[in-house]
Amino acid sequence: MKSLRLQKAGLYTKGFNCLGDCGTDHGKLPIYCVEQGFVKKAYASDNKEGPFENAVKNIQDKGLQNSIIPLLADGLIYLNDEIDVVSILGMGGRMIVSILQTADLSHVKRLILIANSENFLLRDFLEQAEWRIIAEELIKENGKFYQLLILEKGLMNLSNIEKEFGPLIIKEKSENFKDMIVLLLQKLIGARVEAKSDSAKKKIETRIKELEEVLM
């Protein structure tokens, strides 16, 4: 289990009964969570045959057929009353929203999410759907930054900048967060030099100021 993202995500399944992992790929997260005793049972689902077959093989190789159920399925159509924690990692924010919108989450107590993009869109949907962020982590892996979101049912009210970067990530101001914002600022400063019009330059300057304030 080499992936830092999967290890961090897995920790948040601790103490739950059954995990539903959507887009499981090789089944690594459910295998890790069951092996560690974080959950008693898991469903490992993917809608692509290749990743599904990889998951089946890995589950069999670990002898976990009685604890992990592999499924070839779209989204979370298989949710039932024993699945109390759901993970969706490594998809775009828009895709995660689409999956959650069409799922019956009435028995789910916790969501564990990592979007590869469009975090603003994802948090905006979660706020409206009455899911509340209880923990967040900004993870750096292979030179990229990933926002890990942990949610339980409840209300929250986020500003636009909090929807983009996460209220708890902004509050913590970890070294990873500072590094990410500095990289964004460097790109913007370069773009300001290249800006062809005053309006474009002004827009960039507004964004620079916004990011600088987040670091304070």
inquiry  = If R₀ is 41 angstrom, what is the calculated FRET efficiency for the pair residue 188 and residue 152, using the beta carbon separation as r and rounding to 0.05?
reply    = 0.70
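For the range 59-194, give me the percentage of DSSP beta bridges that are antiparallel, rounded to the nearest 5 percent. Don't skip to the end; give the middle numbers.
Working: 15 of 21 bridges.
Of those bridges, close to 70 percent are antiparallel.
Of all the accessible heavy-atom surface of the range 140-181, with the other protein chains kept in place and a 1.4 Å probe, what percent is carbon and sulfur? Before the final figure, lay out each step's value.
Working: 990 of 2170 Å².
Solvent-exposed carbon and sulfur of the range 140-181 make up 45 percent of the total.
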task = Please list 123-129, 185-191, 161-167, 75-81 highest first by mean number of surrounding beta-carbon atoms within 10 Å per residue.
result = 161-167, 123-129, 75-81, 185-191
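How high is the FRET efficiency between residue 116 and residue 213 when r is their beta carbon distance and R₀ equals 25 Å, given to the nearest 0.05? Please report the intermediate quantities before stating the final value.
Details: r = 26 Å, r/R0 = 1.04.
Step by step, r from the Cβ atoms, then E = 0.45.
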key: Solvent-accessible area per residue, Å², over the chain with all protein chains present [probe radius 1.4 Å]   = 53
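Quick one: what do you get for the range 6-104 if you divide its Cα Rg by 2.2 N^0.38 Å?
Numbers: Rg = 12.2 Å, N = 99, 2.2 N^0.38 = 12.6 Å.
The range 6-104 yields a ratio of 0.97.
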task = Could you pull out the pairs from 2/173; 40/62; 28/57 whose alpha carbons sit more than 18 Å apart here?
result = 2/173
inquiry  = How many angstrom lie between the Cα centre of the range 41-70 and the Cα centre of the range 141-216?
reply    = 37
note = Non-local residues with an amide H under 5 Å from the amide H of residue 132, with H modelled 1.01 Å from N and Pro and chain starts lacking one, are 152, 153, 154
task = Calculate, for residue 197 and residue 14, the FRET efficiency according to 1/(1 + (r/R0)^6) with r their C-beta to C-beta distance and R0 45 Å; round to the nearest 0.05.
result = 0.30
query = Which of the following values of percent of Cα pairs over 28 Å apart was calculated from the structure shown: (i) 21; (ii) 29; (iii) 34?
reply = (iii)
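The values are calculated or read from the model by the stated rules, or taken from the named source; none is laboratory data. Computed from a predicted structure; not experimentally measured. FYI the Cβ positions are ideal-geometry reconstructions off the backbone, even for glycines, and counts take in every protein chain you see. The area values use the complete protein model at the heavy-atom level, side chains included, leaving out ligands, DNA and RNA. Shrake-Rupley method; radii C 1.70, N 1.55, O 1.52, S 1.80 Å.
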